[in-house]
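The values are calculated or read from the model by the stated rules, or taken from the named source; none is laboratory data. What you are looking at is a predicted structure, and each value in this text was computed from that prediction instead of being measured. With ideal geometry, Cβ positions are generated from the backbone for all residues, glycine too; neighbour counts draw on all protein chains shown. Calculation scope for accessible area: heavy atoms of the full protein, side chains included, ligands and nucleic acids excluded. Shrake-Rupley method; radii C 1.70, N 1.55, O 1.52, S 1.80 Å.
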Amino acid sequence: QVQLVESGGGLVQPGGSLNVSCAASGEIFRIDVMAWYRQAPGKERELVAEITRRGRTNLADAVMGRFTISRDNAKNTVTLQMSSLKYGDTAVYYCHAAGYGYYRGLRYWGKGTLVSVFS
C-alpha cells in the first residue's frame, strides 16, 4: 500500500502564489507517474499536472504557464508550484500516484488539500 499526504493548501488572493506538496510513503517502489488533480464544487475531478519518475511533465491547458510540477525521488515528494492564481483555481487539490509495472493498474489518492482563491 502507498500513502499520500498533501500539505500547503490555504487562502490566497488572485494573482498570488502558493505551493502544495505531497509526501509518499509505504510501498513507494510501486509508484511511476505522480500527479495533481483538483475538484471544484459541483465539478468533476480534473487533472492539473503530472510527472513521471524521470521528470517528464504534462500540464493542463488551464494552468499552462502558471503552474509547475516537480518531483524529488530521493525525498519521495511531488510539489505543485502555483502562481498567477485565479478564482477558477479554487478547488480541493489531490495528490495521485499510478502504479508501475506489475502494479500499473493501481491508483493511490491523498485526502486532498483546499486551495481557496479570493479577494
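Details
- Spatial separation of Cα centroids for segment 37-83 and segment 1-25, in angstrom: 10
- Rolling a 1.4 Å probe over the protein heavy atoms gives the chain an accessible area of 56 Å² per residue.
- Surface share of carbon and sulfur [accessible, 1.4 angstrom probe, percent] for the chain: 49
- Segment Leu114-Asp72, extension gain: residue separation times 0.36 nm, minus the distance between their alpha carbons: 12.9 nm
- FRET efficiency for Asp32 and Met64, using Cβ-Cβ distance with R0 set to 22 Å, rounded to 0.05: 0.45
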